[in-house]
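Below is one structure; the comments refer to it alone.
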Amino acid sequence: MQNRVISRKDLASFVDDLIKTKSAGEVIGIKAQGNKFNFGPLASAAELRLDYDISLLPPKKYFFPQTETVLKYEVDKTPKVEAVAAEKPLCIIGVHPFDIRGLLLFDAVYGGKEPDPNYFLKRNNAVIIGVDCLSPNPKAFAASMGTNVTEEGFDLMLTDLGGDYFVTVGTSKGHNLINKAKTKEAGAPDLEKRDKVRKEAEKKYQVSLKMKKEDIPALLDATWESKVFKDRSETCFSCGSCVMVCPTCVCFDVQDEMALSLKGGERYRRWDGCMLTEFASVASGENFREHKEQRFRHRMYRKGKYLVERYKYLGCVGCGRCASACLAEIASPAETYNLLKEAK
């Protein structure tokens with residue numbers, strides 16, 4: 001599968017053709033939303049903004065919706081339960097490497113012994129066209145997490161070379177798609193230019209870890225009693241903004257909603273997060289993480305230790321969304337891990 005180079009004009013034609021023919025499903029792309037950016041359906045290639053820093057919500061929302069019905073039931077004379085799992089082909093354009101790495105974690109979490117059908121019906125029917133992030137968000141530290149670039153998890157990856165885009169072909173699906181566009185084969189000079197552009201982008205990150213990412217689990221092992229957790233959490237509003245914008249938060253709550261007729265209803269799941277006050281509450285009324293300090297510490301351990309131990313993936317990709325969304329300015333894992341190292 002030969003990497004390609006495509007001009008801006010021909011890339012626009014390629015995207016417009018995808019939108020028109022729906023050959024890869026509904027086309028979702030990164031678009032301006034006021035002075036921010038977010039993913040949404042594309043009406044034309046002119047809406048696409050591949051020069052963005054970060055989206056308000058990660059593209060995980062297309063595979064793991066904020067609210068999703070998982071079954072419907074009837075409780076009349078003959079009770080009936082019907083599973084609900086929607087299959088919807090999608091082509092998502094403009095996914096940054098750190099968000100792709102977030103999806104790889106989702107694949108691991110939801111792909112256990114009994115893979116989640118609701119997630120994988122959508123995930124397996126999606127085309128992922130990534131784009132390298134060349135203008136990082138000021139709160140981001142993806143370079144420290146090794147997620148500023150990725151060699152897996154995409155069908156096509158775009159890198160802005162100035163006049164043209166370098167196209168890294170990741171799968172046969174991507175190969176078949178890009179073959180329909182007007183391109184040329186990428187040569188050694190193109191590859192060198194792509195690598196140079198990536199290295200220049202890496203230097204633009206303003207936040208960094210004061211340790212190797214591989215050292216985070218051991219650091220947390222040694223700092224459970226650290227005063228850093230209490231100090232950092234004192235101003236927390238328990239609003240959950242940090243976990244709701246996170247590309248690696250996988251938790252959900254399950255609710256049943258009965259119809260007014262009382263003859264049936266539906267069960268749905270919706271995003272939930274460990275920083276919310278009632279997250280660790282159980283039916284008896286006990287709350288196992290009642291205090292802000294406990295919830296804050298749990299989030300840092302989940303990101304930096306628990307997910308690594310269970311799935312071999314760090315639970316933070318350094319995108320910076322949590323820090324941007326946090327009114328108390330305490331959410332950044334990088335800042336907390338750095339403080340823990342300094343206080344150790």
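In the range 4-202, what percentage of the DSSP-assigned beta bridges are antiparallel, given to the nearest 5?
60 percent
How much of the pair distance distribution for the range 165-254 lies past 19 Å, counting alpha-carbon pairs only, in percent?
Details: 2897 of 4005 pairs.
Tail fraction, whole percent: 72.
Give the separation of the Cα centroids, the range 12-72 to the range 299-344, in Å.
27 Å
What is the Cα radius of gyration of the range 4-202 over 2.2 N^0.38 Å, N being its residue count?
Dividing the Cα radius of gyration by 2.2 N^0.38 Å gives 1.12.
Mind ranking 127-136, 288-297, 180-189, 140-149 by how tightly packed they are, going by the mean number of other C-beta atoms within 10 angstrom, highest first?
140-149, 127-136, 288-297, 180-189
For the chain, how big is the tail of P(r) above 37 Å, as a whole percent of Cα pairs?
Pairs farther apart than 37 Å: 24 percent.
So how strong a dipole does the range 213-343 carry about its Cα centre when Lys and Arg Cβ are +1 and Asp and Glu Cβ are -1, to the nearest 20 debye?
300 debye
Just checking the chain: which Cys have no other cysteine's beta-carbon under 4.7 Å?
Within the chain, the cysteines lacking a partner Cβ under 4.7 Å are 91, 133, 236, 239, 251, 274, 316, 319, 326.
Any idea what the relative contact order of the chain is, in percent, if you count C-alpha pairs under 8 Å spaced at least 6 apart?
Across the chain, relative contact order equals 22 percent.
Report, for the chain, the % of DSSP beta bridges that are antiparallel, rounded to 5. Present the calculation step by step, with values, prior to reporting the outcome.
Values: 36 of 49 bridges.
Percent antiparallel among DSSP bridges in the chain is about 75.
HN-Hα J couplings of the range 92-101 from phi, Karplus 6.51/-1.76/1.60, θ = phi - 60°, integer Hz, Gly and Pro as x?
Along the range 92-101, the couplings run 9, 10, x, 7, 6, x, 5, 6, 5, 5 Hz.
Considering only 275, 251, 235, whose Cα is most displaced toward the positive end of the charge dipole of the range 213-343, charges sitting on Cβ of Lys, Arg (+1) and Asp, Glu (-1)?
So the residue we want is 251.
Counting Lys and Arg as +1 and Asp and Glu as -1, each charge on the Cβ, what is the dipole of the chain about the Cα centre in debye, to the nearest 20?
340 debye
So what are the ³J(HN,Hα) numbers for the range 265-281, from phi and the Karplus equation (6.51, -1.76, 1.60; θ = phi - 60°), rounded to whole Hz, Gly and Pro as x?
Taking θ as phi minus 60°, the curve returns x, 9, 10, 9, 10, 9, 3, 9, x, 5, 8, 7, 4, 9, 4, 9, 7 Hz for the range 265-281.
Normalising by the residue count of the range 213-343, find the relative contact order in percent from Cα pairs under 8 Å and 6+ residues apart.
32 percent
Using a Gaussian network model of the chain with C-alpha springs under 10 Å, which one of 164, 155, 99 is most mobile by mean-square fluctuation?
164
Can you figure out the FRET efficiency of residue 22 with residue 56, using R₀ = 22 Å and their beta-carbon distance, to the nearest 0.05?
So, using R0 = 22 Å, E works out to roughly 0.30.
Just how large is the dipole of the range 4-202 about the Cα centre, in debye to the nearest 20, putting +1 at every Lys and Arg Cβ and -1 at every Asp and Glu Cβ?
Values: 28 positive and 28 negative charges, 58 e Å.
Taking the Cα centre of the range 4-202 as origin, the dipole is about 280 debye.
For 75, 245, what's the fewest-to-most ordering of other Cβ within 10 Å of each Cβ?
Exposure proxy ranking, most exposed first: 75, 245.
Given an 8 Å cut-off on Cα distances and at least 6 residues of separation, report the relative contact order of the range 271-344 as a percent. Intermediate results must be reported in sequence, preceding the final value.
Working: 49 pairs, mean separation 12.2, N = 74.
After rounding, I find 16 percent.
If the reach is capped at under 17 angstrom between alpha carbons, list the lysines near residue 230, excluding any in the same chain fewer than eight residues apart.
Within reach: 292, 341, 344.
Every read-out reported here was derived from the displayed coordinates using simple, explicitly stated rules and does not represent laboratory data. It should be emphasised that the depicted structure is a prediction, and the values quoted were computed from it without experimental measurement. Neighbour counts are summed over all protein chains in view; Cβ atoms, including those assigned to glycine, are modelled from backbone coordinates with ideal geometry.
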